[in-house]
Amino acid sequence: MGAGLAGVTTAWYLAKEGHEVVVIDREREVAAVASYSTTGIVAASRAYPWAGGELGRAMRQAALRFDPELWLWGMQHVFLRTGRSYRRLLDAKVRLVRYSQPLLHELAAAIGFPLTRGVLYLYRDGHSLDEASARAGEMRDHGFTVEQLDRAQLSQREPSIDVARLAGALYAPGDEAGDAARFCRELAARARTLGVGFSLQNEILSIEPADGRVRQVVTHRGPIQGDAFVCALGVMDRKLREQLGTQVPVYPVTGYSATLPIVHPERAPRHAGIDESRSVAFAPMGDKLRVTGGAEFAGYATDWHPADVAPLYDTMKQLFPGAVDYTRAEVRACQRPMTPETTPRFGTGRYQNLWFNIGLGHMGFTLAAGAAHITAALVCGRNPAIDLEGLRIRRH
Ligand SMILES: Cc1cc2nc3c(=O)[nH]c(=O)nc-3n(C[C@H](O)[C@H](O)[C@H](O)COP(=O)(O)OP(=O)(O)OC[C@H]3O[C@@H](n4cnc5c(N)ncnc54)[C@H](O)[C@@H]3O)c2cc1C
């Protein structure tokens, strides 16, 4: 269930194990929702739980709205990111990133998908840069390479960038970037050759259990039966979520994504990066530039206003003046499927044959291959080759 990064990668691994697989999604195309809008950064060296900062600000703003679901999510989030919980989450996330990245390389190689290496994390003042570099020590301890660049070194690494407003950057040579929607669609096309079926434009309306198992899912086009079901629905409708037989604490964290035609390639970035002082991410994708930003608790709405993308454009105009055409932007509001811990959840809840691969949050491209590999192992009755401490769905 779900034809985003989580669903398609899981279908691939299951088909490789010899299973007959059908992927159901209400959209017309594969990777049409969150997995379409992503910046596509494989931010392995940034496997921190997403805590405080932008998310904290967004939560304080949204707390005034009457939304019990968000309040519950928020309380769990605040509680879980303190002290020992933070260390546990960091450990789980690093473990998952370490597991996932080599698997992503294997998948990319299998379908001939290009990933570009090296990601820049930009800072506008020296204090934030030093702080971030010190914090990156945690990641260096885990074996990730994170280099600190001053302005001159940054200009050398990324000649098109205007460094006037920047203090410097962190550079992670092992982090990568790629067009995640293209990856997902090319993997889906290859999965079709393994026999995977895609039932698109087909909304899942309900699930029907019997004797502790899911018997069938009911869709717009009628019931679909199966021996095993995988829930990879990203942000789900409340009504459907309530039928899944376990607590699914995924809440949408809305971001904005603009895809802009590059008009002066010599002024456009060669690397993907994040302006950390403004929380704006960018990545070149062929003759286009993807720029994303924003973290809001806007509920389930997916509309957007020019003011939502103005900070994104402003940042790009400062860093890469004249590179892209803003009048021909393709803009979307999109929702990160986020658990309070900001880590995904796997395993089964009440129903023995309903597995979850949910909550990929802000790192779905980074984690998809590992998340799917884990899920396929569980469906096949094996223990995955990674400790799932802190990553399991609650049983009830
Ligand atoms: C602005 C932004 C930038 C991002 N940048 C990055 C990045 O740089 N790096 C990174 O690693 N991650 C990034 N992410 C996160 C990443 O995009 C997500 O984690 C990932 O796409 C989630 O994949 P998914 O398959 O779980 O969800 P989705 O892609 O949303 O897929 C879920 C699918 O389920 C379907 N569905 C839901 N309900 C039903 C139903 N009732 N019936 C039928 N179908 C249904 C939907 O149509 C959808 O296709 C970013 C996210 C955003 C929003």
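Coordinate-derived values only; no laboratory data. A quick note: this is a predicted structure, and the numbers were derived from the prediction, not measured. Glycine gets a Cβ as well: all are built from the backbone with ideal geometry, and neighbour counts include every protein chain shown.
Worth a mention:
- Normalised by the number of residues in region 1-88, the average gap of Cα pairs under 8 Å and 6 or more apart makes the relative contact order 22 percent.
- Positive-end residue, region 272-396 charge dipole about Cα centroid, Cβ charges, pick of Val324, Gly364, Gly273: Gly364
- Crossing angle, helix 364-379 versus the chain [Cα axis fit, 0-90 degrees, rounded to tens]: 20
- For Lys317, the lysines whose Cα comes closer than 23 Å to its Cα, not counting residues fewer than 8 places off in the same chain, are Lys288.
- Note: relative contact order over the chain, using C-alpha pairs below 8 Å and six or more positions apart, is 27 percent.
- Magnitude of the charge dipole, the chain, Cβ model with Lys/Arg +1 and Asp/Glu -1, debye to 20: 620
- Annotation for region 280-352 versus region 37-76: alpha-carbon center distance of 13 Å.
- Against the chain, whose longest principal axis comes from its Cα atoms, helix 126-141 is set at around 40 degrees.
- As a rough footprinting exposure proxy, the listed residues Thr193, Thr10, Thr315 were ranked by other beta carbons within 10 Å of their own, and the order from fewest upward is Thr193, Thr315, Thr10.
- The residues Met75, Met316, when put in order of fewest to most other Cβ atoms within 10 Å, stand as Met75, Met316.
- Angstrom value of the Kirkwood radius, inverse mean 1/r, which spans all Cα pairs in region 1-96: 16.5
- The calculated P(r) of region 318-396, using every Cα pair and 10 Å bins from 0, goes 16, 39, 20, 12, 11, 2 in percent.
- Tilt relative to the chain, helix 180-193 - C-alpha long axis, 0 to 90 degrees, to 10: 40
- Cα-based Rg / Dmax (Å) for the chain: 20.5, 66
- On a per residue basis, the convex hull of the C-alpha atoms belonging to region 187-251 measures out at 109 Å³.
- Qualifying lysines (Cα of each under 30 Å from Cα of Lys16; at least 8 residues distant if same chain): Lys93
- Assuming charge only on the beta carbon of Lys and Arg (+1) and of Asp and Glu (-1), the dipole of region 202-275 about its Cα centre is about 80 debye to the nearest 20.
- Relative contact order of region 156-266, taken over Cα pairs closer than 8 Å and 6 or more residues apart, is 14 percent.
- Cα lying deepest toward the dipole's positive end in the chain, options Ala189, Ile207, Ser35, charges on Cβ: Ile207
- Oblate is the label for region 71-154, because a/c, from the alpha-carbon gyration tensor with a ≥ b ≥ c as root eigenvalues, is 1.5 or above and a/b does not exceed b/c.
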